[in-house]
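Mind having a look at this structure? Questions to follow.
The values are calculated or read from the model by the stated rules, or taken from the named source; none is laboratory data. The shown structure was predicted, so the numbers you read here are calculated from the model rather than taken from an experiment. Cβ sites come from the backbone with ideal geometry, for glycine too, and all protein chains shown count toward neighbours.
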Amino acid sequence: MKTAHMAIAIGLALTGWAALAKPAPTPAAPKPADVVAARQAAMAMGAVTFNMLKNASGAGTPAKNLGFGANALAKWSAAMPAMFAPSTRNVPSRAKPEVWADMSGFALKSAAFADATKALVAAAKNDDKEGFADALASTGAACKGCHDSYQVPPPAAKPG
């Protein structure tokens, strides 16, 4: 008798739990404008990180101490191409239409950036000061090469 009561109690408890355990709602996909805003913020953080690494390296900071920033740029280089999804094409930004018209060229430029940041990470890991400086130069050149091809220049500063 006790076993039957225990089974009923457990069954009722599980039934109540199952009724309350609803699957979490699926979050809505980000809107294209949100993706562009995130892309622009990440680009700004990437520029700040690159300049911090360049200044720190130039000031004699050991390459091994710059690994966190190098890894951050490498992570951004891996994520960056996805931030140019076709859905973002018509959202106002400084991205040129060529990004979407020449996706293979854009992919090559993105890969050059990723390769340069991987070399940056490796140089930091190996505390290779010269290798780090070379990888910084390659990373900067990769950024510039992509921006020259696929980004509208910023507006000229007004004399003030």
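With respect to ASP128, is the statement that it is under 15 Å from THR139 (Cβ atoms), among the acidic types (Asp, Glu) and surrounded by 14 or more Cβ atoms within 10 Å (Cβ to Cβ) true? Spell out how you get there, then give the answer.
Working: under 15 Å from THR139 (Cβ atoms): yes; among the acidic types (Asp, Glu): yes; surrounded by 14 or more Cβ atoms within 10 Å (Cβ to Cβ): yes.
Yes: the conditions hold for ASP128.
When the residues of the range 26-42 are filtered to those that are without any contact (Cβ under 8 Å) to a residue 12 or more places away in the chain and in a helix (DSSP H, G or I), which remaining residue is farthest from ALA85 (Cα to Cα)? Can you show your working first?
Step one: list which residues in the range 26-42 are without any contact (Cβ under 8 Å) to a residue 12 or more places away in the chain, which gives 26-31, 34, 37, 41.
If we keep only those that are in a helix (DSSP H, G or I) too, we end up with 34, 37, 41.
On the way: ASP34: 12, ALA37: 13, ALA41: 16 Å.
Among residues in the range 26-42 that are without any contact (Cβ under 8 Å) to a residue 12 or more places away in the chain and in a helix (DSSP H, G or I), the one farthest from ALA85 (Cα to Cα) is ALA41.
Over 14 Å from GLY140 (Cα atoms), at pLDDT 95 or above and acidic (Asp, Glu) - does that describe any residue in the range 107-115? Write out each step before concluding.
Applying the first criterion (over 14 Å from GLY140 (Cα atoms)) to the range 107-115 yields 107-108.
Now restrict to residues that are at pLDDT 95 or above: 107-108.
Still in the list and also acidic (Asp, Glu): none.
Looking for residues that are over 14 Å from GLY140 (Cα atoms), at pLDDT 95 or above and acidic (Asp, Glu), one finds none in the range 107-115, hence no.
Just to be sure before I move on: is PRO154 more than 21 Å from the chain's Cα centre (by Cα) and closer than 16 Å to ALA44 by Cα in the structure I sent? Even if it seems obvious, please write down each step before you answer.
Working: more than 21 Å from the chain's Cα centre (by Cα): yes; closer than 16 Å to ALA44 by Cα: yes.
In short, yes.
Filter the range 142-151 down to residues that are over 18 Å from the mean Cα position of the chain (by Cα) and not polar (S, T, N, Q) and give me whichever is surrounded by the fewest Cβ atoms within 10 Å (Cβ to Cβ). Steps first, please.
Narrowing the range 142-151 to residues over 18 Å from the mean Cα position of the chain (by Cα): 145, 148-149.
Right, trim to not polar (S, T, N, Q) and you get 145, 148.
Working: GLY145: 14, ASP148: 10.
The residue in question is ASP148.
Select from the range 133-160 the residues that are within 20 Å of ALA78 (Cβ to Cβ) and of a type in the set (Val, Ile, Thr) and list them in ascending order.
THR139
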